[in-house]
Amino acid sequence: QAKLAGKSQYHLFDMEQDQAIRGQLETIERIRVALTAEELCLHYQPKVNMKSGEVIGMEALIRWQHPLEGLLSPARFLPLIEDDPLNIEVGDWVLQQAMAQCAHWHAQGLSLVVSINVSALQIQQSDFVEKLATLLQAYPTLPAHRLELEILETSTLNDISQTSRVIRQCRALGVKVAIDDFGTGYSSLTYLKRLPADTLKIDQSFVKELRADSDNLAIVEGIMGLAKAFQREVIAEGVETTEQGQLLLSLDCQQAQGYAIARPMPADQVPGWISQWHPPSSWLAQPLSSSH
Ligand code: C2E
Ligand code: MG
Ligand code: MG
Ligand code: MG
């Protein structure tokens, strides 16, 4: 009898798991429909120089305008397609869409670098760079340096030699490369040497808890030192308060992104936002440390 009970329990578990898998498949199918039904869209979040007030660029961030559930953040659907072929289709769409937007702004006289997040699966594809090159050819008047790819530090860890090859090839096309969420991936010095990216993007977790006496201050300082030694640019993400911006400026980190500057917005709001934005006076007044 114990055996029987065990068996039926197994069946129950089996069925539940089966349903969970089916549910997930249905959702992946639903994302596919969203792509073809044009329910996916990109919002753009500014990147600025806090000291000069210059608007450097815009990061494209995907959203799903769900007919019933409203605007969904990428955390709600991207993890589901992390390892699915649909990831590549969505990634292709993002590349195409963001590049078209970048070309449009360029034609309007807005010199912005548009940053595009690329997934680990995307950069593992042998034809990734080729696709990028083909897309660039479709916009002959758009300088390649107006585009930047953001690669998560954690996804560079999968295959460091493949990633560094992709980064080199992208940069050979003139496209910029940033390492996103930098500091979260156990990066070593030798490892950074093998990642020829232009920019290190300091993860927001270090910025969030930035205090004059915190360990995070030391971490950011360390990243600034690394960047200087390896001649990389640095940008801080997740700057939510003026004070965080000031602390970053005191460490000579001038480029930033975050709610203190602007939230992600639809593309059509970008020109208006640029024309009215100015940095808080405390950022402009901040003397830069002379040690760097
Ligand atoms: P990420 O690339 O590190 O982008 C930063 C995330 O932090 C964005 O969330 C942004 O809206 C949010 N953020 C910006 N400033 C602040 C701030 O001051 N405070 C706080 N608390 N959050 C801030 P979002 O748009 O939900 O995107 C989450 C992640 O999803 C992104 O992190 C990126 O890894 C991924 N993602 C977004 N769009 C795409 C895409 O088109 N393709 C791929 N592969 N990944 C994407
Ligand atoms: Mg990013
Ligand atoms: Mg990030
Ligand atoms: Mg992130």
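The values are calculated or read from the model by the stated rules, or taken from the named source; none is laboratory data. Nothing here was measured: the structure is a model prediction, and the numbers come from that model. Reconstructed Cβ throughout: ideal geometry from the backbone, glycine too, with neighbour counts over all protein chains shown. Quick note on the areas: whole protein, heavy atoms, side chains included, nothing else; ligands and nucleic acids left out. Shrake-Rupley method; radii C 1.70, N 1.55, O 1.52, S 1.80 Å.
Picking from residues in the stretch 252-273 that are aliphatic (A, V, I, L, M) and under 19 Å from L110 (Cβ atoms), the one that is surrounded by the fewest Cβ atoms within 10 Å (Cβ to Cβ) is M265.
What tally of residues in the stretch 177-205 results from selecting those that are more than 23 Å from L248 (Cα to Cα) and either in contact (Cβ under 8 Å) with a residue 24 or more places away in the chain or within 16 Å of ligand 1 (Cβ to nearest atom) (or both)? So that I can check it myself, show each step before the final result.
Step one: of the stretch 177-205, the residues more than 23 Å from L248 (Cα to Cα) are 190-191, 193-196.
Filter once more, keeping what is either in contact (Cβ under 8 Å) with a residue 24 or more places away in the chain or within 16 Å of ligand 1 (Cβ to nearest atom) (or both): 191, 193-196.
The number of residues fulfilling the criteria is 5.
When each of I274, I202 is tested for being within 29 Å of Q169 (Cβ to Cβ) and hydrophobic (A, V, I, L, M, F, W, C), the lone residue that passes is I202.
From the list P67, P85, P74, the one residue that fits, being under 28 Å from A256 (Cβ atoms) and not acidic (D, E), is P74.
Set side by side, the residues C253, C170 differ, and just one is in contact with a strand residue (DSSP E or B) (Cβ under 6 Å, 6 or more places away or on another chain), more than 16 Å from ligand 2 (Cβ to nearest atom) and within 21 Å of S115 (Cα to Cα), which is C253. Given the structure, is L217 within 16 Å of ligand 1 (Cβ to nearest atom) and farther than 22 Å from K176 by Cα? Spelling it out, it is not the case that L217 is within 16 Å of ligand 1 (Cβ to nearest atom) and farther than 22 Å from K176 by Cα. Of the residues making up the stretch 221-228, one or more are open to solvent by 20 Å² or more (accessible area, probe 1.4 Å), over 25 Å from A60 (Cβ atoms) and in contact with a Lys or Arg (Cβ under 9 Å, 6 or more places away or on another chain). Going by what's in this entry, would V175 be described as among the β-branched types (V, I, T), within 24 Å of H104 (Cβ to Cβ) and within 17 Å of the chain's Cα centre (by Cα)? Yes. Among the residues making up the stretch 256-292, those that are more than 18 Å from L210 (Cβ to Cβ), in contact (Cβ under 8 Å) with a residue 60 or more places away in the chain and in contact with a strand residue (DSSP E or B) (Cβ under 9 Å, 6 or more places away or on another chain) are A262, R263, P264, M265, P266, A267, V270, W273, I274, W277.
Going through D198, D180, D215, D203 one at a time, which residue ends up being within 16 Å of ligand 2 (Cβ to nearest atom), touching an Asp or Glu at 6+ places or on another chain (Cβ under 9 Å) and open to solvent by 30 Å² or more (accessible area, probe 1.4 Å)? Please lay out each step first, then the result.
Values: D180 fails: open to solvent by 30 Å² or more (accessible area, probe 1.4 Å); D215 fails: within 16 Å of ligand 2 (Cβ to nearest atom); D203 fails: open to solvent by 30 Å² or more (accessible area, probe 1.4 Å).
Result of the check over D198, D180, D215, D203: D198.
Listed conditions (1) buried (at least 17 other Cβ atoms within 10 Å of the Cβ); (2) more than 15 Å from the chain's Cα centre (by Cα) are all met by L71, apart from (1).
Selection over the stretch 37-91 of residues that are within 17 Å of E237 (Cα to Cα), away from ligand 2 (no atom under 16 Å from the Cβ) and either out of contact with any His (no Cβ under 8 Å at 6 or more places or on another chain) or assigned to a helix (DSSP H, G or I) (or both) gives a count of 5.
The set of residues in the stretch 143-196 that are over 18 Å from M58 (Cα atoms), outside any loop (DSSP other than H, G, I, E, B), within 15 Å of ligand 3 (Cβ to nearest atom) and touching a helix residue (DSSP H, G or I) at 6+ places or on another chain (Cβ under 9 Å) comprises T154, S155, T156, F182.
Going through the stretch 234-251 one residue at a time, which ones are among the acidic types (D, E) and either surrounded by fewer than 18 Cβ atoms within 10 Å (Cβ to Cβ) or free of Cβ contacts under 8 Å to residues at least 24 places away in the same chain (or both)?
Answer for the stretch 234-251, where residues must be among the acidic types (D, E) and either surrounded by fewer than 18 Cβ atoms within 10 Å (Cβ to Cβ) or free of Cβ contacts under 8 Å to residues at least 24 places away in the same chain (or both): E240, E243.
For the stretch 81-123, filtered to residues that are among the hydroxyl-bearing types (S, T, Y) and at pLDDT 95 or above, the residue that is least open to solvent (accessible area, probe 1.4 Å) is S115. Beta carbons closer than 6 Å, at least 6 apart along the sequence or on distinct chains, pair a first residue in the stretch 63-86 that is over 10 Å from I31 (Cβ atoms) with a second that is crowded, with 16+ Cβ neighbours inside 10 Å and charged (D, E, K, R) for Q65/E39; L71/R63.
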